[in-house]
Amino acid sequence: MQILNRVPKSVKIKEIIVENDMVKTFVVDFSLGARPGQFVMLWIPRLDEKPISVAMDNGSEMHFTVAAVGPFSNAMHELSVGDFVGVRGPFGTEFECDEGAHIALLAGGYGAAPLYFFAHEAVKKGAKVEFIVGARSADLVLYEERISALDCATVHVSTDDGSKGHHGYNTQVLQELLDAGGIEAVYAVGPEIMMLKGAEAAEAAGAKAFVSVERYMKCGFGVCGNCVVDGTGDPVCLKGPVMPWEEVKKIEDFGKYHRDEFGKKHNF
Amino acid sequence: MADLSVEFLGVKFENPLVLASGILGITGDGMARVIEHGAGGVTTKSLWAKEHKGHPNPTMMGNEHWFINAVGIPDAGPEKAAEELARYRAKTDAPMIFNIVGGMMEGFGEIAEKVAGMGPKIVELNISCPNVKDEFGKPMACSISKSAEVTRLVRSKLDEGGAADAKLVVKLSPNVENIVTIADSVIEAGADGICAINTLGPGMVIDIETAQPVLHNKFGGISGHMLKLLSVALVYQIRAKHKDLPIIGTGGISTGRDAIEMMMAGASLIGMGTAVHFRGPEVFGKVAKEMNDWCDENGVEKITDIIGKVHANT
Ligand SMILES: Cc1cc2nc3c(=O)[nH]c(=O)nc-3n(C[C@H](O)[C@H](O)[C@H](O)COP(=O)(O)OP(=O)(O)OC[C@H]3O[C@@H](n4cnc5c(N)ncnc54)[C@H](O)[C@@H]3O)c2cc1C
Ligand SMILES: Cc1cc2nc3c(=O)[nH]c(=O)nc-3n(C[C@H](O)[C@H](O)[C@H](O)COP(=O)(O)O)c2cc1C
């Protein structure tokens, strides 16, 4: 077990990419050898430290794509090139696929970032990737250009308001692809209900499914117990975030409720 | 196969390894899982009478040598605790030790009253957390008179609340001049056993790139491997004075050999927390196996035979 990187290391932000009004990607000149699906803890001194997925780790630099939703992520958005951010990890499990597999990636919200990293690695293994990106409206669609630039990856956009691509849920696009046949596995990162629907659709179509289970995490390495789920009793920072659907089905709270920093339950 | 079972304050533990308070102990299912991983029992995270907020992150960190934490004991309060207890009970019969904490004196009384209604067999009184000092001042375990007063108060609230049969263990701090005098005072005040020790320090970690303290609370309690040097010595000293005292030896235990050593110093049960950082949640089963192997190799048939063994040679 790797326990060397459980102390934050401060690294300078090299570049900041403004993705849209709510989302920025931070690039650091630093690698933890992370794999797609894994996450790190990002630390802003004297404020907080939060789990963020690895959006790219190419062995020399790492990317983190952060949506501004509250105190910590808003503070991330205030950072400038040259500022320090603390990083530790990588933590958790990764996305994997078979050589040459035909796979569908279902992304909602910032989920497009970790799934882009996965697509980037999967096409190297000869995978054929159907990348479904959902967003509320056209201006919030993430990573579309970068995905299109990958060989053997096709982007399918869906927006809630119909301003781009399919008008409606991205799970409807997934359903059409599954109906067309040939998809061997579905990988989902995004709102929990979306992942639940996507995995159920995959199962019904006889495809494998993998989802990224997110719970309130404090340590990231299985000590604090905050992200332990009901049913299995396992911390998802260790057993997840990426888990096969058969395992996710044993989690009683999946799609129903999650816990806050006190351990109190909140329904989705 | 050696007999690893221990009877502690009238409660049978299948083996002496107990999850220490504050690690993986937030939910009933999480604690039941620790039993599946091979622990003989669990200790809840410290429970408060009312919801209590912990510190922001970073709250804990470590490497292969040391660990430091300042979680600040977050808790959702007794209603959630009762719900989690029910889930735990539905999954396992293994003993659960109720760890309680209070801040000021009244707070300890209130939570004692609340847990009294949950049918506890063993209550562990945490008066030794070094990480809530800004809120509540120096831990009570650092004062002979306060540690006795809080022990007496909790005992009386347990009795009044219908838990007169519950045994009371007081968890002591290593951050005192003489831990034996504190043990004397809480035993005199009605403690049935001692848990030694809580974390050391507090210590500090500074990020040299930014010249910032890394723990949000600046300071945190130190645990992990090197703490064993201290915890073994302190358990030894307490046992030397109080011959048959039931002690939960906690601090830096992560292998079967560590656990045997701690038992020889005088512990009947072994608390393990930071071992989960070093060896994962499966550590309990691994350590139990290592203890069993050691017993087999050394002709020990009952683990209880080694409790306090070093005292015969000193
Ligand atoms: C494994 C994992 C990977 C993640 N990857 C990304 C990512 O790549 N990009 C991104 O923008 N966000 C990601 N998140 C979510 C991110 O951690 C939260 O958005 C962030 O912590 C919000 O903090 P805040 O102070 O800005 O907002 P708050 O107002 O504190 O919280 C907003 C929301 O975030 C959730 N949240 C807050 N703290 C945590 C925590 N410690 N752990 C989990 N959820 C929390 C809350 O439940 C709430 O729903 C990830 C979460 C997990 C668990
Ligand atoms: C992350 C963490 C949280 C802790 N929380 C508590 C707590 O809530 N109550 C308590 O009595 N002790 C708490 N402790 C102290 C442990 O129970 C134990 O006494 C100490 O860590 C030494 O044992 P160890 O080296 O096996 O971890 C905590 C320790 C750690 C590492």
Revision key, fill the gap. Honestly the range A:1-147 on the Cα gyration tensor test (a ≥ b ≥ c root eigenvalues; a/c under 1.5 rounded, otherwise a/b vs b/c for prolate or oblate) is just oblate
Exercise for review: Step through the residues of the range B:187-202 one at a time and calculate ³J(HN,Hα) from phi using the Karplus curve (6.51 cos²θ - 1.76 cosθ + 1.60, θ = phi - 60°), rounding each to whole Hz and writing x for Gly and Pro.
Suggested key: 5, 4, 7, x, 5, 8, x, 10, 10, 9, 9, 7, 6, 9, x, x
Check your understanding: Can you tell which of A:S31, A:S53, A:S158 shows the greatest fluctuation in a Gaussian network model of chain A with Cα springs below 10 Å?
Key -> A:S31
Practice item. From other protein chains only, count the Cβ atoms within 10 Å of every residue's Cβ in B:51-59, then give the mean. Key: 6
Exercise for review: DSSP loop (so not H, G, I, E, B), at most 16 other Cβ within 10 Å: list which trypsin sites (Lys or Arg not before Pro) in the range A:195-247 pass both filters.
Suggested key: none
Check your understanding: Tell me, how many Å apart are the Cα centres for the range B:203-231 and for the range B:71-88?
Key -> 27 Å
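Given the rule -39500 (n - 2.57) for each run of at least 4 DSSP H residues, summed and divided by the residues of chain B, what is its mean residue ellipticity at 222 nm, to the nearest 500 deg cm²/dmol?
Details: 10 runs with 111 residues, N = 314.
After summing the helix terms and dividing by the residues of chain B, the value is -10500 deg cm²/dmol.
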Exercise for review: Using a 1.4 angstrom probe, figure out how much accessible area the protein assembly as shown has per residue, in square angstrom, rounded to the nearest whole.
Suggested key: 38 Å²
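Under the definition of Cα pairs under 8 Å and six or more residues apart, what whole-number percent is the relative contact order of chain B?
So the answer I get is 20 percent.
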**Study point:** Extended-chain gain in nm, criterion 0.36 nm per residue less alpha-carbon gap, A:C152 and A:R136
**Key:** 3.1 nm
Check your understanding: Just the C-alpha atoms of the range B:6-312: what Rg/Rh do they give, with Rh taken as the Kirkwood radius?
Key -> 0.94
Review point. If you add up the charges near B:G252, with Lys and Arg at +1 and Asp and Glu at -1, over every other residue whose beta carbon is less than 14 angstrom from its beta carbon, what do you get?
Key: 0
**Study point:** Protein accessible area in the range A:102-267, 1.4 Å probe - carbon and sulfur %
**Key:** 52 percent
Review point. Carbon and sulfur atoms: what percent of the 1.4 Å accessible area of the range A:3-91 do they account for?
Key: 51 percent
Review point. What net charge do the residues around A:T154 carry, taking every other residue with its C-beta under 10 Å from that of A:T154, with Lys and Arg at +1 and Asp and Glu at -1?
Key: 0
Review point. Using every alpha carbon pair in the range A:102-267, what percent of pairs falls into each 5 Å bin from 0 up to the bin containing the largest distance?
Key: 2, 9, 18, 20, 19, 15, 10, 6, 1, 0
Review point. Just checking chain A: which Cys have no other cysteine's beta-carbon under 4.7 Å?
Key: A:C97, A:C152, A:C227, A:C237
**Study point:** Buried on assembly, the range B:261-295 (at least 50 Å² less accessible surface than by itself, 1.4 Å probe)
**Key:** B:H277
Review point. Between B:D165 and A:K250, what FRET efficiency follows from the Cβ-Cβ distance if R0 is 35 Å, with the result rounded to 0.05?
Key: 0.40
Check your understanding: Using a 1.4 angstrom probe and counting only protein chains, how large is the accessible area of A:R136 in Å², to 10?
Key -> 140 Å²
Practice item. Keeping the other protein chains in place, figure out the carbon and sulfur percent of the accessible area of chain B, with a 1.4 Å probe. Key: 52 percent
Check your understanding: With each label point set 7 Å from Cα along the Cα-Cβ vector, what nm distance links B:A90 and B:I206?
Key -> 5.1 nm
Point to revise | Over the protein assembly as shown: Kirkwood hydrodynamic radius from C-alpha pairwise inverse distances, Å | key: 25.1 Å
Practice item. Kindly compute the accessible surface that chains B and A hide from a 1.4 Å probe when together, both sides summed, and give it to the nearest 100 Å². Key: 3500 Å²
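The values are calculated or read from the model by the stated rules, or taken from the named source; none is laboratory data. All of these numbers come straight from a predicted model, not from anything done at the bench. No Cβ is skipped: glycine too gets one built from the backbone with ideal geometry, and neighbour counts run over all protein chains shown. Heads up: the accessible areas ignore ligands, DNA and RNA and are worked out on the full protein's heavy atoms, side chains in. Shrake-Rupley method; radii C 1.70, N 1.55, O 1.52, S 1.80 Å.
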